[in-house]
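Asker: Here it is: the structure, laid out below.
The values are calculated or read from the model by the stated rules, or taken from the named source; none is laboratory data. Just so it is clear, the structure is predicted and the values come from calculations on it, not from any experiment. Neighbour counts run over all protein chains shown; Cβ positions are idealised from the backbone, glycine included. Side chains included, ligands, DNA and RNA excluded: accessible areas come from the protein's heavy atoms. Shrake-Rupley method; radii C 1.70, N 1.55, O 1.52, S 1.80 Å.
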Amino acid sequence: MNYHPASPLHTAPVVAVIGGGPAGLMAAEVLAQAGVRVDLYDAMPSVGRKFLMAGKGGMNITHAEPFDVFLTRYGTQRNRIEPLLRAFPPEALREWIHGLGIATFVGTSSRVFPSDMKAAPLLRAWLHRLRESGVRFHARHRWCGWDEQGALRFDTPDGQRIVHADAVVLALGGGSWPQLGSDGAWVSLLAQRGIAIAPLRPSNCGFDVRWSAHFRERFAGEPLKSVAASFGDVRKQGECLVTEHGIEGGLIYALSAALRDEIERSGSAILHLDLLPDWPLQRVQTEVSHPRGAHSLSSHLQSRLGLKGVKANLLREALSAEQMHDTALLARAIKALPLRLVAARPLGEAISSAGGVTFEAADEHLMLRKMPGVFCAGEMLDWEAPTGGYLLSACFASGHAAGNGVLEWLQQPRPAQGL
Ligand SMILES: Cc1cc2nc3c(=O)[nH]c(=O)nc-3n(C[C@H](O)[C@H](O)[C@H](O)COP(=O)(O)OP(=O)(O)OC[C@H]3O[C@@H](n4cnc5c(N)ncnc54)[C@H](O)[C@@H]3O)c2cc1C
């Protein structure tokens, strides 16, 4: 949609996009391509820091599974995210990436990656295109709210700056990895304005387990490979990591929303680990019960089941000496070792945030009902999703929606005043 001034009295609008992550940059792109003047502000010395970090371990930008399945990843907020994704679906995102000269490929489990797995070339090409289309970047501009006249206040290295804008897109991120810029400090600024905000909580996070000092000292940092984790009726196979505090990694992240909610409800959650996910219980039972002669239990478990190191010691961590010698119980524990998780790791360590500006506080264009002309996009909205490209997909889609929402809003006649 192109911008056409609503009335001849109206001067060319200026839109402030605050936050230069994928959501804000996408909103800026939609606006700039429609001919609107865009100023993009970010607190950090450069934009896209979390996006670049997401590219460190292989940037999983979206997912190629059927769209109906894709939508289920947004859980209870599916209905809120669905219209955004329908307007900018995963295929459109891939085409958009291709338009930047970056190829994509579908990897294992239908995850989609840029061909070199990195975020930096994509971000470089994108920023170049944004600058070419007239977006003006203002780094080291920390947004601190509004002044009495409704103008935007920024802290900059040269002191405070007051900015008037015809519309604002807030794309300030959640509260995870605050060292990359999104520190959740915006929560109080919007709450003061009466905007309903669900508390920010860790999502895709690790958990605390009360390891014994011995186990922690010996095994913190050890990967648990080829295990399955179950909670409720969900079972996932993969890898995780024993940490000083407890347990983390992709396998745990996949179950983390339900585990976190259970801990909030009842103080702890029991996760079951299957240490030999490819072995049926019957086979484990047979091998455990095999006469071991003069062998110690440790060498028996190693020789007959291949259980050693961190896996074997996890059993000792969870079972008493007596239980270790009960073959039926030991076999069951190998297939479903109960681990009591006592707390989610802090938000700052999580991959992403749950909570944020509620969808009820915004209209279908993501404009705040109480603050006409102010739009929100990205992880600062109240949704969560597992890793797998779902986070970035919804950030891009919501930035796209907010950009289009601003264009529509700018068409409407309104008194000429700053926000
Ligand atoms: C280690 C890691 C790996 C990840 N890997 C993946 C992955 O592979 N796939 C995936 O889909 N997702 C991944 N994610 C999640 C994904 O990176 C985020 O969901 C996404 O970056 C959020 O985008 P956003 O635009 O909403 O916010 P952000 O990217 O957080 O950007 C927000 C911006 O706002 C700025 N800002 C905040 N407050 C202010 C203020 N007051 N004034 C001015 N500027 C401000 C910040 O500096 C920042 O630049 C990963 C995250 C992490 C931490």
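Asker: Give the accessible surface of the stretch 250-369 per residue, rounded to a whole number of Å², with probe radius 1.4 Å and ligands, DNA and RNA excluded.
Answerer: 45
Asker: Something else about it: Hey, what number do you get for the chain at 222 nm if only DSSP H runs of n ≥ 4 count, each worth -39500 (n - 2.57), divided across all residues, to the nearest 500?
Answerer: Mean residue ellipticity at 222 nm (helix-derived): -10500 deg cm²/dmol.
Asker: So how many Å³ per residue does the convex hull of the Cα atoms of the stretch 69-111 work out to?
Answerer: 69
Asker: Sort 139-147, 261-269 by the packing proxy (mean of other Cβ within 10 Å over each peptide's residues), most packed first.
Answerer: The packing order, highest mean first, is 139-147, 261-269.
Asker: For the stretch 260-309, evaluate the Debye formula with one uniform point scatterer on each Cα (no solvent term) and list log10 I(q)/I(0) at q = 0.18, 0.20, 0.27 Å⁻¹, rounded to two decimals.
Answerer: Results for the stretch 260-309 at q = 0.18, 0.20, 0.27 Å⁻¹ read -0.65, -0.72, -1.02.
Asker: Something else about it: Assuming a ≥ b ≥ c are the square roots of the Cα gyration tensor eigenvalues, decide whether the stretch 20-72 counts as rounded (a/c under 1.5), prolate (otherwise, with a/b larger than b/c) or oblate.
Answerer: oblate
Asker: I'd like to check one number: the per residue accessible area of the stretch 93-181, probe 1.4 Å, reported in Å² as a whole number.
Answerer: Accessible area per residue, the stretch 93-181: 49 Å².
Asker: What aspartates and glutamates does K311 reach when the alpha-carbon gap must be under 20 Å and sequence neighbours fewer than 8 apart in one chain are set aside?
Answerer: Within reach: D208, E217, E222, E239, E244, E248, D274, D278, E287, E322, D326.
Asker: Around R216, under 13 Å between beta carbons, what's the net of Lys plus Arg minus Asp minus Glu among the other residues?
Answerer: That sum, taken over residues with Cβ under 13 Å, equals -3.
Asker: Also, I was wondering about something else. For the stretch 273-377, what does the equivalent ellipsoid look like in terms of its semi-axes, each the square root of 5 times an eigenvalue of the Cα gyration tensor, given largest first in whole Å?
Answerer: 52, 14, 11
Asker: If the viscosity is 1.002 mPa s and the temperature 20 °C, what translational diffusion coefficient in µm²/s does Stokes-Einstein give for the stretch 94-214 when Rh comes from Kirkwood over Cα pairs?
Answerer: Estimated diffusion coefficient is 116 µm²/s.
Asker: Using a 10 Å cut-off on Cβ atoms, rank the peptides 335-348, 123-136 from the highest mean neighbour count down.
Answerer: 335-348, 123-136
Asker: Quantify, in whole percent, the carbon and sulfur part of the accessible surface of the chain (1.4 Å probe; protein heavy atoms only).
Answerer: 52
Asker: For K50, list the lysines whose Cα falls under 24 Å from its own Cα; do not include residues on the same chain fewer than 8 positions away.
Answerer: K118
Asker: Taking every pair of Cα atoms in the stretch 1-146, average 1/r, invert it to obtain the Kirkwood radius, and report Rg/Rh to two decimals.
Answerer: 1.00
Asker: Going by Cα centres, the stretch 352-419 and the stretch 113-136 are how many Å apart?
Answerer: 22
Asker: Shifting gears a bit: Return P(r) of the stretch 176-261 (all Cα-Cα pairs; 5 Å bins starting at 0; whole %; ordered from short to long distances).
Answerer: Using 5 Å bins, I get a P(r) of 3, 13, 17, 17, 16, 12, 10, 6, 4, 1, 0 for the stretch 176-261.
Asker: Taking the convex hull of the alpha carbon atoms in the chain, what volume per residue do you get, in Å³?
Answerer: 149
Asker: Additional query: When the Karplus curve 6.51 cos²θ - 1.76 cosθ + 1.60 is applied with θ = phi - 60°, which whole-Hz ³J(HN,Hα) does each residue of the stretch 163-170 get, with x for Gly and Pro?
Answerer: Coupling constants for the stretch 163-170: 10, 9, 9, 7, 8, 10, 10, 8 Hz.
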